1. Any idea how many residues of the range B:58-87 are free of Cβ contacts under 8 Å to residues at least 12 places away in the same chain and either among the small types (Gly, Ala, Ser) or crowded, with 18+ Cβ neighbours inside 10 Å (or both)?
2. Kindly indicate which of A:401, A:425 is surrounded by fewer than 16 Cβ atoms within 10 Å (Cβ to Cβ) and more than 24 Å from the chain's Cα centre (by Cα).
3. For the subset of the range B:2-20 comprising residues that are closer than 15 Å to residue B:78 by Cβ and open to solvent by 40 Å² or more (accessible area, probe 1.4 Å), which member is modelled with the highest pLDDT?
4. Got a sec? Which strands (runs of 3 or more DSSP E) wholly within the range B:1-119 have at least 2 residues that are out of contact with any helix residue (DSSP H, G or I) (no Cβ under 9 Å at 6 or more places or on another chain)?
5. Only residues that are touching a strand residue (DSSP E or B) at 6+ places or on another chain (Cβ under 8 Å) and at pLDDT below 90: list them for the range B:57-85, please.
6. Within the range A:166-175, can one find any residue that is more than 19 Å from residue A:304 (Cα to Cα) and crowded, with 22+ Cβ neighbours inside 10 Å?
7. Here is a list of conditions, (1) modelled with pLDDT under 75; (2) at the interface with chain B (Cβ under 9 Å from one of its Cβ atoms), and residue A:291 meets all of them except one; can you say which number that is?
8. Suppose we filter the range A:268-288 for residues that are of a type in the set (S, T, N, Q) and modelled with pLDDT under 65; how many remain?
Amino acid sequence: MTPFAAGGFAWLLRHELRLALRGTGTRTSWVARNVPNILLATVPTIGGCLLAWSVRDIGAVPDRLADAVHGYLGVAILGLLALMISTASIAVLRTFHERHDLDLLLSAPLPPARVLAAKAVGVAVTVAAPFLLFTLPFLLASAVLGHPRWLGGGVVVAADAMLATAIAIGLIGVLFSAIGPRQARTVAQLGAALLGGSIFIASQLGSISPASAHRLSRLLAVRWPSPLDWPARAALGEAVPLLAMVALAAVAAWASAAFGARHLAASSDTAARRVRVRSGPIRFARGLMRVVVVKELRLIARDPELITQIALRLVYMIPLAALVLRGKHGLDAPAIAAATTACAGLLASSLAWIIVCAEDAPDLLAAAPVVRAVIERAKLAAACLVPVGVATVAALALVRAAPWSAVVTLVMGAVAALAAALLQAWFGKPQPRAVFRRRQSGSFVLGLGEIVLAGAWSGTAALAARGSAWAIAPALLGAMIMAGAIEARPGAKPAS
Amino acid sequence: MTDAALTVTRLRKSFARVAVDDLDLVIRTGELYALLGPNGAGKTTTLRMVAGLLTPDSGGIDIFDIDALADPIAAKRRVAWLPDDPLLYDKLTPLEYLEFIAGLWGIDPGPAAAKAEELLRWLDLWDQRDARCETFSRGMKQKTALAGALIHDPALLILDEPLTGLDAGAARQVKDLLVERVAAGGTVILTTHILEVAERLADRIGIIRAGRLVAEGTLDELRNLRGSADASLEEMFIALAGE
């Protein structure tokens with residue numbers, strides 16, 4: 001049997017990649033489906049070619065700079081590996097556990113090792129693809145313009161992806177055995193979010209804290225132990241380190257298919273059957289408001305993917321907020337008040353979308369003998385609870401040093417949260433939770449309104465915390481947007 | 001005061017086409033009524049209007065003499081609705097789900113907790129009470145939703161294809177439950193494509209086609225209507241519903 005025949009390794013790999021690709025989007029129109037793909041293909045190509053042209057005259061690295069270059073490149077490759085491990089962990093969970101196709105594949109008359117190897121390599125390809133998409137145009141153009149050895153960078157990216165996949169398979173296998181698939185998923189999701197966020201914040205260190213960035217660059221210029229330079233030297237095209245990286249990736253691929261994936265497949269099957277049961281009397285909560293709020297918070301707390309996506313949005317805001325709000329003496333109390341207000345608004349918007357628009361059982365609520373407005377109020381309360389909690393923590397942190405700013409933080413945080421939640425409740429469209437990441441694509445006006453509103457409330461907070469009477473201007477803008485929203489809101493909405 | 005659990009009067013609902021066409025229906029208190037019809041006949045639309053999930057274009061719905069269109073809250077207190085696709089939250093456990101339902105229907109926490117335990121034990125879900133519904137089979141989900149429908153002890157139980165996805169044992173449990181509820185004075189309306197279930201359980205059978213009731217009565221009355229004393233329900237259904 002050739003590898004490309006049905007049931008062969010390449011055929012199985014193509015099947016895995018097709019499934020992975022189809023999980024990335026559900027857009028149906030030609031423009032929505034193809035424009036992002038065209039942009040993804042052309043922008044990195046043009047950018048990579050321009051970058052390659054601008055560095056075409058760079059010669060060999062002088063000896064006095066070699067340590068620093070290897071140090072920077074080594075840290076970048078290490079960061080890339082960490083990022084790939086986090087991405088691979090999620091992909092491994094999806095591929096080996098959540099897709100529920102192992103029974104089908106392993107019951108087929110094919111060698112299990114081939115099936116599991118195709119899955120592992122499929123993960124590695126999906127992990128490497130976005131990084132190769134952005135680096136290959138530059139590397140290929142550089143090769144044409146006189147730096148063929150830099151193609152080693154592409155090999156290092158691919159090797160990193162295979163190594164990351166092997167590590168992820170091992171990690172997830174251990175987590176499955178130790179804490180079960182549900183908790184493993186939570187740990188992997190949150191770990192990935194924290195790691196991704198930390199790497200992003202670290203990459204912006206120069207903007208957030210120039211002094212720390214300077215200290216780090218001096219540290220990296222110090223000579224590193226030689227083996228740790230090998231990935232960097234491989235990326236620059238040195239033959240022996242490059243061969244070592246390829247060999248390492250090959251061993252990782254073999255080990256993950258031969259041992260890790262087999263163990264993971266077995267533990268995925270047995271762990272899924274475990275159920276933990278509590279003992280003791282049953283106690284139910286009293287009151288409609290309370291049961292609705294508790295139910296909503298439970299549903300969110302048990303969806304690590306949603307928590308991760310929300311947390312990442314906030315994490316990626318930090319460098320931006322630091323740049324925009326930094327005063328002469330760094331982040332001062334009014335800046336913190338403004339940042340907290342913006343965070344509370346955006347967080348409430350995300351939570352309100354999940355709670356109000358992505359209700360799992362709208363018919364159940366519609367069939368219940370309760371007034372729709374009571375459920376809507378309970379859902380708004382649930383959406384605002386966490387953002388107001390965040391604002392309270394920020395206010396408590398400020399209360400000794402800047403009591404007025406603390407009051408402003410708390411009040412404006414609550415106002416921003418409620419306003420954002422109301423906008424979602426009025427204008428959000430019912431959608432399944434799975435489309436959370438694309439939720440704004442169907443409503444440009446709502447998305448724009450949320451951003452302007454968040455800006456207005458955080459501007460009000462910044463100016464009010466500084467004691468400026470100009471705070472009234474952004475507050476009026478926010479009030480006008482809300483007044484317009486009240487007028488424009490649909491008259492009748494379903495209970496969900 | 002009448003002995004009718006449900007009175008539907010000239011009920012009409014259109015979407016792209018007429019789904020329910022001036023339907024009249026009376027279900028008596030304490031009877032098990034099977035509403036049969038081919039796919040797209042208007043059974044589910046009718047029941048969704050009765051459960052308060054759809055607003056009719058015209059007509060009236062009285063549930064235990066409560067005008068369900070004028071006072072939907074009071075009417076919904078007496079009703080439970082169980083569709084073929086269970087109304088569940090995958091990330092809640094059966095206990096948490098029942099706690100939520102009890103809160104929605106305003107049941108006191110103490111009696112609700114006791115009832116929840118009774119129902120989960122009876123439906124063989126007690127050992128799974130702290131497992132999330134996302135890990136359940138379709139049959140287990142259906143049984144969890146059934147427990148939710150029963151926790152507030154509804155006077156009128158509306159079930160749309162209640163046996164879908166259930167194994168033989170669970171299906172038997174559900175059928176026994178329906179008979180018990182009716183014997184205790186409860187009222188049950190169900191739709192089913194399993195004609196044997198309607199034939200064995202139902203006090204009366206209604207056959208609906210293109211949104212209109214084309215035949216109604218006990219099995220014997222339907223046979224008389226067809227003029228064939230030994231006709232099976234399947235034969236009568238095919239003849240009356242035009243299947």
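1. Residues in the range B:58-87 being free of Cβ contacts under 8 Å to residues at least 12 places away in the same chain and either among the small types (Gly, Ala, Ser) or crowded, with 18+ Cβ neighbours inside 10 Å (or both): 2 in total.
2. Selected residue: A:401, the only one of A:401, A:425 that is surrounded by fewer than 16 Cβ atoms within 10 Å (Cβ to Cβ) and more than 24 Å from the chain's Cα centre (by Cα).
3. B:3
4. Where strands (runs of 3 or more DSSP E) fall fully within the range B:1-119 and carry at least 2 residues being out of contact with any helix residue (DSSP H, G or I) (no Cβ under 9 Å at 6 or more places or on another chain), they are B:4-14, B:18-28, B:58-63.
5. B:83, B:84
6. So far as the range A:166-175 goes, yes, one or more of its residues are more than 19 Å from residue A:304 (Cα to Cα) and crowded, with 22+ Cβ neighbours inside 10 Å.
7. (1)
8. Quick first cut of the range A:268-288, residues of a type in the set (S, T, N, Q) only: A:268, A:270, A:279.
Cutting the leftovers down to modelled with pLDDT under 65 gives us A:268, A:270.
The total comes to 2.
The values are calculated or read from the model by the stated rules, or taken from the named source; none is laboratory data. Since the structure is predicted, the reported quantities are computational estimates derived from the model, not experimental observations. Positions of Cβ are backbone-derived with ideal geometry, glycine not excepted, and every protein chain shown enters the neighbour counts. Ligands, DNA and RNA are stripped out before the accessible areas are found, and what is left, the full protein with its side chains, is counted by its heavy atoms. Shrake-Rupley method; radii C 1.70, N 1.55, O 1.52, S 1.80 Å.
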